[in-house]
Amino acid sequence: MSIEISAKSIQPVRLTYGNLEERFGGKKPSSRYQEAVYDVQPTANFQYRPLWDKDHELYDVSRTAIVMEDWYSFADPRQFYYGTYNIARSKQQDVAEHNFAFVDKRDLLEVMPEAVKQAAREILVPLRHVEWAANMNNCQITDECYGANFSALAMFNAMDRLGMAQYVTRLGLLLDGNETTSLDAGKKAWMEAPHWQPLRHAIEDMFVLDDWFELMVAQNFVLDGLVFPLLYDRFEKKLTSEGGATIAMLTEFMDDWYKETERWTNALAKVTAKESKDNQDLLSSWVTKWGDRLSIAIEPIATKAFGENGVNELAEVKQALLARLAKQGLAV
Amino acid sequence: MSDKKNTVFLILQDNDDARPIIESVEQDNPEATIQYQPGMVRMEAAGRLVVNRETVEENLGREWDVQELHLNLISLAGNVDEDDEKFELAWN
């Protein structure tokens, strides 16, 4: 008796969900990212307007001056949804934990020059308040934005900011043998020291912006585009050259995070500016407005961090930021 | 395929992990034919077939090690030239 084995191919009737079939043609199976993000947010049948805002629906495209034909035309280059985001962050968290444990175990901060420690206390530790503000701002964006691939990513971003504020806090604690001395001093500097006040003022003005996309530009495009390259990259390189490589080890996440987040903001700027001339003009004017405001606000901190070189360093960082955004189609 | 002797192919499992790789092969090798068979995907080309790390990373949205290709690899034909940037099949 012979047995004939033949492979029989069974084609599924549908490869993906109806909404994705409409978008992508349904010839290929959808990725998990597409399934998790596209069209998730309700778009119709909002029975009541929210009590706190009678002019808008619960989800409303008119909460920003930016107009998009399709709010899902933007795709995250990192393809973050709950699963991929958590996998990526959990790996990074393992590395960061290991770094902290290593520094603690080997007492690496003990051997660091006191001047470097002091510089970290004065420049890096107050940044935990900046991160907290960034958390607030991204929660605000999550609340008001339109489309699941905006709200999900803004929320992930907000959570990242809390994480980074915690890393800075832990750095502050490690610097003083688990005493809160430098955290308290950092809070005091943030509230009172003259060189932090322009930035605090600008950030508090951002808290009350009405247009969530303007807030997105101010916070995630401009402020991050200045603070991260200037302080977590350039300033830490300076500290490293002065014997503070340990600090860079403890804030490695911020550096990696910014490089990764840049891809998101680039894609966002590109898609939004390409949509229409009006969008492009609006984005460009916001970048110019906040670029000017925030670079003036950061200048005293840059001077404190780099001495007389500070103004130059900041100008270079700002130039790089504007060049990057211009490449995405903004007129800046 | 004009010259059958010259054909190289790469066969991957037809699953979620392999899809970004298959897409990248499609993008980077316009000449290649892609055949969907039960449970696997056969990518065939005359002379040369390349999987570029950069393209896969773009499709996948994260960093990708070229060696991850082997997790979903079923079969291949051709001499392999593999480094950090690409996985290339050709007959030397």
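The values are calculated or read from the model by the stated rules, or taken from the named source; none is laboratory data. Predicted, not measured: the structure shown is a model, and the values here were computed from it. Ideal geometry is used to build each Cβ from the backbone, glycine not excepted, and the neighbour counts take in all protein chains shown.
Before moving on, here are some points about what is shown:
- Number of positions in region A:90-117 that are within 17 Å of A:Arg170 (Cβ to Cβ) and either in a helix (DSSP H, G or I) or within 14 Å of another protein chain (Cβ to nearest Cβ) (or both): 15
- Checked against the criteria, A:Ala36 does not count as in a helix (DSSP H, G or I), within 14 Å of chain B (Cβ to nearest Cβ), in contact with a Lys or Arg (Cβ under 9 Å, 6 or more places away or on another chain) and not β-branched (Val, Ile, Thr).
- The set of residues in region A:74-89 being in contact with a Lys or Arg (Cβ under 9 Å, 6 or more places away or on another chain) and either surrounded by 14 or more Cβ atoms within 10 Å (Cβ to Cβ) or assigned to a loop (DSSP other than H, G, I, E, B) (or both) consists of A:Phe74, A:Asp76, A:Pro77, A:Arg78, A:Gln79, A:Tyr81, A:Thr84, A:Tyr85, A:Ala88.
- Looking only at region B:14-33, residues that are outside any loop (DSSP other than H, G, I, E, B) and in contact with a helix residue (DSSP H, G or I) (Cβ under 7 Å, 6 or more places away or on another chain) come to 6 in all.
- Pair list, Cβ < 6 Å and 6+ apart or interchain, from region A:106-132 residues that are among the aromatic types (Phe, Trp, Tyr) to residues that are not in a loop (DSSP other than H, G, I, E, B): A:Trp132/A:Ala165
- Positions within region A:23-33 being charged (D, E, K, R) and within 14 Å of chain B (Cβ to nearest Cβ), in sequence order: A:Lys27, A:Lys28, A:Arg32
- Region B:34-49, residues that are touching a helix residue (DSSP H, G or I) at 6+ places or on another chain (Cβ under 8 Å) and crowded, with 16+ Cβ neighbours inside 10 Å: B:Val41, B:Met43, B:Ala46, B:Leu49
- Looking across region B:69-92, the residues that are in contact (Cβ under 8 Å) with a residue 24 or more places away in the chain, surrounded by fewer than 16 Cβ atoms within 10 Å (Cβ to Cβ) and within 14 Å of B:Asp17 (Cβ to Cβ) come down to B:Leu71, B:Leu73, B:Ile74.
- Long-range neighbours under 8 Å by Cβ, at least six apart or interchain, first residue over 26 Å from A:Ile87 (Cα atoms) and surrounded by 15 or more Cβ atoms within 10 Å (Cβ to Cβ) within region A:23-48, second hydrophobic (A, V, I, L, M, F, W, C) and modelled with pLDDT under 90: A:Gly26/A:Leu15
- Inter-residue pairs, beta-carbon under 9 Å, first farther than 14 Å from A:Trp132 by Cβ and in region A:179-198, second surrounded by 18 or more Cβ atoms within 10 Å (Cβ to Cβ) and of a type in the set (Val, Ile, Thr), 6+ apart: A:Ser182/A:Val125; A:Ala185/A:Val125; A:Ala189/A:Val125; A:His195/A:Ile301; A:Pro198/A:Ile298; A:Pro198/A:Ile301
- The criterion of at least 3 residues that are within 14 Å of another protein chain (Cβ to nearest Cβ) is met by the following strands (runs of 3 or more DSSP E) wholly inside region B:34-82: B:40-46.
Yes/no per residue for (1) acidic (Asp, Glu); (2) outside any helix (DSSP H, G or I); (3) farther than 21 Å from A:Ala320 by Cβ:
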site: A:Ile203; (1), (2), (3): no, no, yes
site: A:Met206; (1), (2), (3): no, no, yes
site: A:Phe228; (1), (2), (3): no, no, no
site: A:Glu260; (1), (2), (3): yes, no, no
site: A:Ala267; (1), (2), (3): no, no, no
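- Of residues in region A:142-153 being over 16 Å from A:Gln79 (Cβ atoms) and of a type outside the set (S, T, N, Q), the one surrounded by the fewest Cβ atoms within 10 Å (Cβ to Cβ): A:Asp143
- Selection within region B:12-57 - free of Cβ contacts under 8 Å to residues at least 24 places away in the same chain, farther than 19 Å from A:Gln79 by Cα and acidic (Asp, Glu): B:Glu26, B:Glu31
Here is a yes/no grid of residues against (1) more than 30 Å from the chain's Cα centre (by Cα); (2) closer than 28 Å to B:Glu58 by Cβ; (3) in a loop (DSSP other than H, G, I, E, B); (4) within 14 Å of chain B (Cβ to nearest Cβ):
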residue: A:Ser9; (1), (2), (3), (4): yes, no, yes, yes
residue: A:Asn45; (1), (2), (3), (4): yes, no, yes, no
residue: A:Pro50; (1), (2), (3), (4): no, no, yes, no
residue: A:Ser62; (1), (2), (3), (4): no, no, no, no
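- Of all residues in region A:74-87, none that is more than 8 Å from chain B (Cβ to nearest Cβ) has its Cβ atom under 7 Å from the Cβ atom of a residue that is among the β-branched types (Val, Ile, Thr) and not in a helix (DSSP H, G or I), 6 or more apart or on another chain.
- Considering only residues in region A:262-295 that are of a type in the set (D, E, K, R) and under 16 Å from A:Thr64 (Cβ atoms), the one that is surrounded by the most Cβ atoms within 10 Å (Cβ to Cβ) turns out to be A:Glu275.
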